[in-house]
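The values are calculated or read from the model by the stated rules, or taken from the named source; none is laboratory data. Not measured: the values here are computed from a predicted model. In this analysis, Cβ positions are derived from the backbone assuming ideal geometry, glycine residues included, and neighbour counts consider all displayed protein chains.
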Amino acid sequence: MSDHSLSVLADQQTKHLKKSLGRFDIVFLVIAAVIAIETLAKTASFGSETFTWTLVLAIFFLVPYGLIFAETGSTFIGEGGAYLWVRQAFGRPLGALASILSWITQPVWVGGSMAFLASAVWDSYLLPTEPGSFADYAFKIGFIWLTVVAAILSLSRAKWIPSLGAILKLLFLAFFLFTTILYAFEHGVSNLELSGFAPTTAGFLGLVPLLLFAYLGFESSNSASGEMKNPQRDIPAAIARSGATAAACYLLPILAILLVLPADTITGIGGLMGAVSTVFSVYGPASEILLVLAAAIFVAALACQGAAWMIISDRMQGLAAADGSFFGGFFGKFHPRLGTPVHVNLLSGVVATVFMLTALQLTGTSAALFGVVLSIAISTFLLSYLLIIPAAIKLRWKYPDVERPFRVRVGNRGFTALGILCFAWILLGSWVAVFPGTLGPLVGLDYNFQEIWGVERVPFQILTLGTLAALVALCLTGYVRGRHIRSQRPDTEASELLEETTS
């Protein structure tokens, strides 16, 4: 039996999957998950050079990254996606680490940032809610568990949720851009000097982690490739279409935000809706009701985005658990009828709720909390790619004869060069996300941590490094506890062993 064979439990659980995702579903699933409209204002707060760096990374990161995973994703298919790639390249232990780093990002992001942003928009534009009140807690908890319930539902029936989220995002951004044009004709725009677009070292160090976070994840749909009708054909097309859409959905709205709001007034938690509020003034008496509608769409899009990420990441972690890389068989069970990893879904909800409650203990404004938790989510997500990208490179060299439905038209050395370029971006972004402000002084830049982050460095680093340490401990514990699952192979007395692990 191959060393890469799945455990008995994983092999059995994949039989619960239903092939229901077509190309349209995959594209919209990725758009719903990856295009992070909530980070637009945070990036735009760096001023006009945001546009420049967004374009630079689209060319020198997004394109090579997309090519690498269009090939890898369409060649090495199977429920679990990146977990399987790292496992096949470097073994189960590193596969388990890559999986948990990628998975944990989503409940941290949903509970620690998205819930806060949705709550702030709800409070400002829909129904005023006192921060810290019972209603505020109820809204955030309800937001989190709505995304969990959506992830639990059968994908064959619930795939309309991420599709709706993708449509809402695109409509929201399109109407915002259209209204910005009307506003420009009527009121003029901010005076953006050409010199402001010049890239700076400070902007580079501040923006790289944010932009990498925005551009990563297009291969994430592979976590559900066992539920795709034709993954080898559809994955490359989905990555190309969603990647091009993402580049446009970042570049154009960022430019629009800069045109209508001074950079020093843009905040991560309210900047985009602040720009929407400004340009909607062109609609006169109708502006108020349109703003309420836009806010409702924004909150709904955030909820659908959280659900899309839960759908994707929980499947990867569920498969890892079923394969003996994350505790015993409990978290590896996929519901026989729904085909979803219900226990991991529930775990994600618990983690998101705990992180939301933890983030509320930090002192600082809502904008500061948003930025801190965003940085933690970025760090865990980027760190996972320090394993995933090398795995893609190794699979190209290790399996040269495997048929590749889509192949990057370069040799192995050229493919490796693309991977090294992406890896270098990720390595830089990871360091800046985990230890912000440490590289600036090396190139003569002043860095006032309290002023930039709104919190002191010590609690920030404790939360960041504490989260990473807890993850490593959880990964090690989960891997050790999964040993009895790993020992079971499909060529053993499967029926007897399976009955024992699922009892």
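When you scan the range 139-152, do you find a residue that is modelled with pLDDT under 90, in a helix (DSSP H, G or I), crowded, with 19+ Cβ neighbours inside 10 Å and of a type in the set (Phe, Trp, Tyr), even just one? Within the range 139-152 (the criterion being modelled with pLDDT under 90, in a helix (DSSP H, G or I), crowded, with 19+ Cβ neighbours inside 10 Å and of a type in the set (Phe, Trp, Tyr)), the answer is no, since none of the residues qualifies. The residue list Arg413, Arg396, Arg404 contains one member that is within 26 Å of Leu94 (Cα to Cα) and part of a loop (DSSP other than H, G, I, E, B), which is Arg404. Within the range 341-368, the set of residues being surrounded by 24 or more Cβ atoms within 10 Å (Cβ to Cβ) and either under 30 Å from Thr416 (Cβ atoms) or modelled with pLDDT under 90 (or both) comprises Phe355, Met356. Can you confirm whether Ser124 is part of a helix (DSSP H, G or I), surrounded by 22 or more Cβ atoms within 10 Å (Cβ to Cβ) and at pLDDT below 90? Here the answer is no, as Ser124 does not meet what is asked. At least 1 residues being in contact with a Pro (Cβ under 9 Å, 6 or more places away or on another chain), of a type outside the set (Asp, Glu) and closer than 30 Å to Asp323 by Cα is the threshold, and among the helices (runs of 4 or more DSSP H) wholly inside the range 8-99 those reaching it are 8-13, 23-34, 63-75, 82-90. Ala98 meets each of the listed conditions (1) within 15 Å of Glu38 (Cα to Cα); (2) crowded, with 24+ Cβ neighbours inside 10 Å apart from (1).
Number of residues in the range 105-162 that are over 23 Å from Met228 (Cβ atoms) and among the hydroxyl-bearing types (Ser, Thr, Tyr): the value is 7. In the set (1) at pLDDT 90 or above; (2) surrounded by 24 or more Cβ atoms within 10 Å (Cβ to Cβ); (3) of a type in the set (Val, Ile, Thr), Ile297 fails one condition alone, (2). Scanning the range 351-363 for residues that are touching a residue at least 12 places away in the same chain (Cβ under 8 Å) and in a helix (DSSP H, G or I) yields Val351, Ala352, Thr353, Val354, Phe355, Met356, Thr358, Ala359. Among the residues making up the range 146-177, those that are touching a residue at least 12 places away in the same chain (Cβ under 8 Å) and not aliphatic (A, V, I, L, M) are Thr147, Ser154, Ser156, Lys159, Pro162, Ser163, Gly165, Lys169, Phe172, Phe175, Phe176. Applying the criterion of being surrounded by fewer than 16 Cβ atoms within 10 Å (Cβ to Cβ), small (Gly, Ala, Ser) and assigned to a loop (DSSP other than H, G, I, E, B) to the residues of the range 186-219, the residue that is modelled with the lowest pLDDT is Ser190. For the range 154-185, the set of residues classified as surrounded by fewer than 21 Cβ atoms within 10 Å (Cβ to Cβ), of a type in the set (Gly, Ala, Ser) and in a helix (DSSP H, G or I) consists of Ser156, Ala158, Ser163, Ala174, Ala184, listed by residue number. Put simply, of Gly324, Gly328, Gly284 the only residue that is in a loop (DSSP other than H, G, I, E, B), over 20 Å from Ser154 (Cα atoms) and modelled with pLDDT of 90 or more is Gly324.
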